[in-house]
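Beneath this line is the structure, given in C-alpha cells, with notes to follow.
The values are calculated or read from the model by the stated rules, or taken from the named source; none is laboratory data. Note that the structure is a prediction, hence the values are computed from the model and not measured. Glycine gets a Cβ as well: all are built from the backbone with ideal geometry, and neighbour counts include every protein chain shown.
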Amino acid sequence: MSRRSLPERTVDAWVSSAVCATFPHARIWGPTQNILETNWDYGLSLGDGKIFIFEDKGTTAVPRKRKSPLDTHRIYIDIDQLTWYCDRVEQATGVPVHYVLPRPPWIGNSGSDVVPDQAICRVNSIAGPFAEWAYVCRSGDLRSELGDGGALILINCQSRVHRPSLSSSDTYWSARPTNGCRGLATHLL
C-alpha cells in the first residue's frame, strides 16, 4: 500500500479539532471499528439538534508524468462502504452520513514519520486552515456523483482544476465541489 500523503487518522483528529474550535461543547464519539452496526469514524452532536456521522478519508500522493495535473492526491472511495452508509446506516439511524474529503495544499508525500512539516497546514497554509480545504459531501450525493463504477477521486493540489464528469474512474474533485458538497467550515455553521 502506498504511503499516505494525509492519513485518515490525521483527518479524524483535524476534523475533531475544527469542530471543537467552532463548537466547544460538541459531543464526539468514535465507536469500536470492528462492530458492523457502528463501523463509522465517529458521531457528532452539536447540542442544537444537529447530529451527523462522519466518514473521513485520507489521501495518497500521485505523481504523474504525462497526464495533467502532474501532482495530485488520490482518495479511494469503497463503493460497498458507501452503499452501506446510504442504504443501511442512514435508514436505520435516521442520521445523515457525511464524507469528509480533504484537498491537501501540498505536493507529494509527507516528510517526517512522526510530525511532518505538513502538520502546520491544520492551522496555516496557502489554502487557509484545514476547515477551508476539506470538503463535506452527504453519502447519497457522493454516490450519485460517482455512479456504480467510480471509486477513485484524484484531487489537484494546484489552483487550476480540470473537472471532467465524476462518474469516470479518473476524476478530479474541484476546489469548489458541487451537488451538495461544501467546505467543512461552511458545513459546520
Q. Could you give every pair whose Cβ atoms fall below 6 Å, whose first residue belongs to segment 41-70 and is closer than 14 Å to I28 by Cα and modelled with pLDDT under 80, and whose second residue is part of a strand (DSSP E or B) and of a type in the set (S, T, N, Q), counting only separations of at least 6 or pairs across chains?
A. none
Q.
Taking the conditions exactly as written (among the β-branched types (V, I, T) and modelled with pLDDT under 85), does V161 satisfy them or not?
A. yes
